[in-house]
Each structure stands twice: as structure tokens, then as C-alpha cells.
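Here is the structure we will look at.
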Amino acid sequence: MSDESASVDLQALADKAISQPLVSHIYVADPSAHVFEGRLYVYASHDVDAGNAFNDDGSHFDMEDYHVLRMDSPEGAAVDCGVALHVKDVPWAERQMWAPDAACRDGRYYLYFPAKDADGVFRIGVAVGERPDGPFTAEPEPIEGGYSIDPAVFADDDGARYMYFGGIWGGQLQNYRDNVYDAAFDEPADDEPALGPRVARLDDGMKRFGEASREILILDEAGRPLLAGDHERRYFEGPWVHKHKGRYYLSYSTGDTHFLCYAMGDNPYGPFTYRGKVMTPVVGWTTHHSICEFEGRSYLFYHDALLSGGVTHLRSVKVTELHYDDEGRIVTIHPYGA
Ligand code: FUB
């Protein structure tokens with residue numbers, strides 16, 4: 001994972017950028033947006049420069065806390081609600097507070113987050129608060145069966161909540177098979193099915209899985225599993241599930257090819273069939289998003305590294321409207337114009 005933005009004409013891209021950072025006094029990334037109590041809340045990683053070397057493990061993403069942004073509308077100003085949770089207040093976590101998400105049930109709010117434990121293994125934890133912007137109090141132990149990175153919680157119409165998670169390379173998903181960890185496990189060969197994200201229904205208490213997580217299958221349009229060598233389409237990290245006109249959409253990052261892609265399915269567990277790109281690459285190595293409806297319109301929350309001059313671990317959150325065609329396909333967004 002290297003910083004590939006050095007040779008890019010950043011000023012030309014800045015001139016054509018379709019959106020501006022929601023906040024510019026700090027760097028924030030990995031936005032998970034939700035409407036709670038009639039307002040938009042964006043749960044984000046808080047990027048800092050810890051001085052670590054760039055590598056494929058993502059050691060340069062060494063974040064310590066989370067900030068929540070609040071907006072009255074997608075066009076309105078974003079208010080930084082301050083620190084919602086710090087790694088020093090999470091008993092089991094050592095470092096690298098990566099992409100979070102949040103959910104609400106029965107008037108309480110739950111912040112879900114990945115971090116490395118003392119053994120350098122990513123776990124997924126939960127912290128509980130009384131308000132959408134926290135503060136949140138972390139549970140003493142990570143969620144049993146929650147591992148790797150990038151938790152995203154989807155609330156279905158029947159009230160069930162599902163957590164999607166997992167990311168390869170620095171996110172360590174390749175070290176698991178059937179929920180068993182072994183550092184010797186690796187990515188499948190190029191001609192084998194790619195690893196998919198995991199999904200598990202949360203129990204009603206929201207702090208545990210109600211079942212063992214299972215892998216999600218992503219198929220190509222001919223019904224065959226996407227292959228591990230298909231880097232333009234295969235799952236890498238950053239899952240997000242939303243529903244539109246009764247169909248389930250799984251969107252995600254392709255990592256080293258820097259696309260946001262999506263696949264469609266008929267239920268929360270999949271399989272999902274690949275349908276195309278949500279967004280073409282942004283400035284910076286990572287691309288990460290969420291999709292949120294507000295007052296009948298759909299919005300894509302995403303990040304890029306333009307404000308930092310292309311420093312890949314110093315990112316800014318942005319938002320733009322997202323559109324569907326008549327067949328429910330997402331119209332591809334070009335962050336710096338078509
Ligand atoms: O912010 C750290 C990691 O970068 C996230 O967990 C990934 O999704 C990528 O955005």
C-alpha cells in the first residue's frame with residue numbers, strides 16, 4: 001500500500017471536485033451516515049499522522065479516537081460533536097481505531113468499531129451511549145465472533161439488525177476460515193472464489209451476535225462467484241448494506257483498484273450479484289463510503305485525501321447525491337467530473 005498520489009495533478013482535481021470536505025479543522029474518514037432523531041449523524045475515523053511507515057498492513061492508519069459529525073441536512077454545515085470514544089477508554093484495545101458504524105435500538109445508541117488488541121489482532125467492539133453523538137462507554141471485551149475490520153450495521157424493515165464486517169490485507173480477513181483464526185491462512189489463489197464480507201444478525205441487546213457470522217457470496221452476472229484475481233470487482237473492505245425499493249444493495253471497496261462497487265440481492269445474507277461501480281477512484285489509496293436516505297433522496301458519503309495534498313492517511317469526508325436508473329442500478333459517480 002503506497003502513496004500513489006504523488007504524480008497526480010491535485011490542483012486540477014481540486015478544481016473539478018464535485019464536493020467539498022464537511023469539516024476541515026481535523027481529518028476524518030470512513031463515514032457511516034445515519035438519520036437519528038431527524039438529523040444526519042456521521043460516524044467517522046479521526047485521521048492523524050502518527051509518523052508510521054506506509055505498508056500493506058496499513059500501519060500508517062494509527063488512529064486513537066472517533067469523532068461524530070452532526071448535520072441538519074446534507075447541504076447544511078457539519079458540526080464536530082467532539083471525541084465520542086478514545087482508545088484509552090477501551091479496556092481490550094491497543095491501537096488503530098479504524099472505520100466505525102453506529103446503530104440505535106429502543107432509544108440507546110451503539111458505536112461499533114474495530115481496533116487491534118494486545119496481540120496485534122483486529123477485533124470488533126461495541127460502546128453504548130444515550131445520545132447519537134455519545135459519549136460512548138465501551139464494553140470490557142470485544143464482541144465474541146467479531147474480527148477483522150469495518151463493521152457496518154443494517155436495520156431491516158422487520159427490526160432485525162445485521163452486522164457486516166471484514167477486510168483483507170491489513171484488515172486480516174484472509175487469516176480466517178469458517179470463523180477460525182490462523183495467521184498461516186492467506187488469500188485464495190487468483191482462480192479461486194474471492195473472500196466475501198461476513199454477516200451476523202445482532203441479538204436484541206445489540207452487544208452480541210445472535211448467530212455465528214457467515215460469509216457472503218458475491219456472484220458475477222452469470223451466477224459464478226467473483227474470483228480472487230478479479231481485483232476490479234472482488235470484495236476488499238468497507239461493506240455497506242442498504243435497501244432501495246425492496247432490493248438489498250451490498251456496496252464495498254475493491255482496495256488496490258480503488259473502486260466503490262455494488263452488488264444486489266434479495267435478502268440480507270445474499271448471495272449478491274455484481275452490478276457495477278458506485279464511484280470511480282478518489283485521491284488517496286483508500287475509498288470508503290456509506291449510503292443514506294434523507295427526506296426521500298439518497299446520498300453517498302465518502303472520503304478523499306485532496307485537502308491534505310494527497311496524504312493517503314489524512315482524509316476528509318464529503319457527501320454527494322446518489323441516483324438510480326429505472327432498473328434500480330446506481331448511476332456511477334465521478335468525484336472529479338466524468
Ligand atoms: O481508515 C482505516 C481503514 O482504511 C478502514 O478501516 C478501511 O476501510 C480504509 O478506509
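Using a 1.4 angstrom probe and counting only protein chains, how large is the accessible area of residue 293 in Å², to 10?
110
Identify, among 217, 169, 200, the residue whose Cα sits farthest towards the positive end of the charge dipole of the stretch 118-218, taking +1 on the Cβ of Lys and Arg and -1 on the Cβ of Asp and Glu, with the dipole about the Cα centre.
Toward the positive end, the furthest listed residue is 200.
Which percent of the accessible heavy-atom area of the chain goes to carbon and sulfur, probe 1.4 angstrom?
With neighbouring chains kept in place, the figure for the chain is 45 percent.
Evaluate E = 1/(1 + (r/R0)^6) for residue 247 and residue 88, where r is the Cβ-Cβ distance and R0 equals 41 Å; express this FRET efficiency to the nearest 0.05.
Using R0 = 41 Å, I get an efficiency of 0.45.
Quote the charge dipole size of the chain about the Cα centre in Debye, to the nearest 20; the model charges only the Cβ of Lys and Arg (+1) and of Asp and Glu (-1).
The dipole of the chain has a size of about 680 debye.
Output the antiparallel fraction of DSSP beta bridges having both residues in the chain, as a percent to the nearest 5.
Here the antiparallel bridges make up roughly 95 percent for the chain.
For residue 85, which sequence-distant residues (separation of 5 or more, or a different chain) have an amide H within less than 5 Å of its own amide H, given hydrogens modelled in the peptide plane?
Distant-sequence amide H within range of residue 85: 66.
Which length gain, in nm to one decimal place, applies between residue 293 and residue 320 when the Cα-Cα distance is subtracted from 0.36 nm times their residue separation?
Going from the current span to full extension adds 8.6 nm.
Can you give me the relative contact order of the stretch 268-338 as a percent, contacts being Cα pairs under 8 Å and 6 or more apart? Walk me through the numbers on the way to the answer.
Values: 109 pairs, mean separation 22.5, N = 71.
It rounds to 32 percent for the stretch 268-338.
Output ³J(HN,Hα) for the stretch 156-166: one whole-Hz value per residue in order, computed from phi by the Karplus curve 6.51 cos²θ - 1.76 cosθ + 1.60 with θ = phi - 60°, and x for Gly and Pro.
Those phi angles translate into 7, 4, 7, x, 5, 10, 10, 9, 9, 7, x Hz.
Could you state the number of Å between the C-alpha centres of the stretch 215-241 and the stretch 105-166?
First find each Cα centre; the distance between them is then 24 Å.
Based on the alpha-carbon gyration tensor of the chain and its eigenvalue square roots a ≥ b ≥ c, which shape applies: rounded if a/c is under 1.5, prolate if not and a/b is larger than b/c, or oblate?
Note, shape of the chain comes out rounded.
In what sequence, largest accessible area first, do 332, 254, 273 appear using a 1.4 Å probe?
Per-residue accessible area, sorted high to low, gives 332, 273, 254.
Between the DSSP loop rule and a limit of at most 16 other Cβ atoms within 10 Å, which chymotrypsin sites (Phe, Trp or Tyr not before Pro) in the stretch 59-135 are left?
Of the chymotrypsin sites (Phe, Trp or Tyr not before Pro), the ones in loops of the stretch 59-135 whose Cβ has at most 16 other Cβ atoms within 10 Å are 92.
Please report the net charge: other residues with Cβ closer than 10 Å to the Cβ of residue 143, K and R +1, D and E -1.
Neighbourhood net charge equals 0.
Go ahead and estimate [θ] at 222 nm for the chain from helices alone: -39,500 (n - 2.57) per DSSP H run with n ≥ 4, summed, over the residue count, rounded to 500.
-500 deg cm²/dmol
What percent do you get for the relative contact order of the stretch 1-117 when only Cα pairs under 8 Å and 6+ apart count?
Numbers: 210 pairs, mean separation 24.5, N = 117.
Across the stretch 1-117, relative contact order equals 21 percent.
Between residue 27 and residues 5 or more places away or on another chain, which pairs have amide H atoms under 5 Å apart, with H built 1.01 Å from N, and which residues are they?
The answer is 47.
Take every Cα pair under 8 Å in the chain that's 6+ residues apart, average their separations, divide by the length, and report that relative contact order as a whole percent.
Computed over the chain, the figure is 17 percent.
Go through 16/277; 116/243; 16/245; 88/318 and tell me which ones have a Cα-Cα distance over 25 Å in this structure.
116/243; 16/245; 88/318
Express in nm, to one decimal, how much length is gained between residue 157 and residue 232 on full extension, taking 0.36 nm for each residue of separation and deducting their alpha carbon distance.
Gain on extension, residue 157 to residue 232, equals 23.8 nm.
Place a point 7 Å from the Cα of residue 222 along the Cα-to-Cβ direction; which residues of the stretch 246-274 have their backbone N under 15 Å from it?
Inside the label zone: 274.
The values are calculated or read from the model by the stated rules, or taken from the named source; none is laboratory data. Everything numeric here is computed off the predicted structure, so don't read it as measured data. Don't worry about glycine lacking a Cβ; one is built from the backbone with ideal geometry, like all the others, and counts go over all protein chains shown. These accessible areas exclude ligands, DNA and RNA; they are computed on the full protein's heavy atoms, side chains included. Shrake-Rupley method; radii C 1.70, N 1.55, O 1.52, S 1.80 Å.
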